Amino acid sequence: SHSIDPSKAFGNEHISVVVLLQETQKKNLIQPSTMSFVSQLMAPGGGVMLLPFVKIVIGCLLVVTLSAFAAGVARIHMAILSFLSGGLLFSLYFFEVQYAKVKGNAEQRSGNGSAQADSSSKQQKTD
């Protein structure tokens, strides 16, 4: 039972990803706007930014599978894949609508809360 230490397995050539990323940032190989996009993407809820891209890719998949179905290539498989990609597009659309509703309600609540706080702070005590 020989155990190999992963840090010693590569000798001096082992470079961590974090160090490499820091070095590329220092050399300005990665633009700050790209890093901010990546950091926004990795933040909780950041995946919503990818929805337009995902919808385009799934739409292209739907077009390809429908075209292959029309051409007679693996008809049963293409029919099933077309159905699944259409369902995925529908679910993405549904998610976007519901997300917009929730986001709008949250913004409306925060707007009303700050307006109520402003009006209560302007009221003077009369006693």
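The values are calculated or read from the model by the stated rules, or taken from the named source; none is laboratory data. Everything numeric in this text was worked out from a predicted model, so none of it was measured. Ligands, DNA and RNA are excluded from the accessible area calculation, which covers all protein heavy atoms including side chains. Shrake-Rupley method; radii C 1.70, N 1.55, O 1.52, S 1.80 Å.
Roughly how many Å² of V73 are accessible to a 1.4 Å probe, to the nearest 10?
80
How much accessible surface does Y93 have with a 1.4 Å probe, in Å² rounded to 10?
In the full protein context, Y93 sits at about 130 Å².
Largest first, how would R109, R75 line up by accessible area (1.4 Å probe)?
Values: R109 180, R75 115 Å².
So the residues, ranked largest to smallest area, are R109, R75.
Tell me, what is the per residue accessible area of region 43-83 in Å², probe radius 1.4 Å?
Numbers: 2790 Å² over 41 residues.
Roughly 68 Å² per residue, with all protein chains present.
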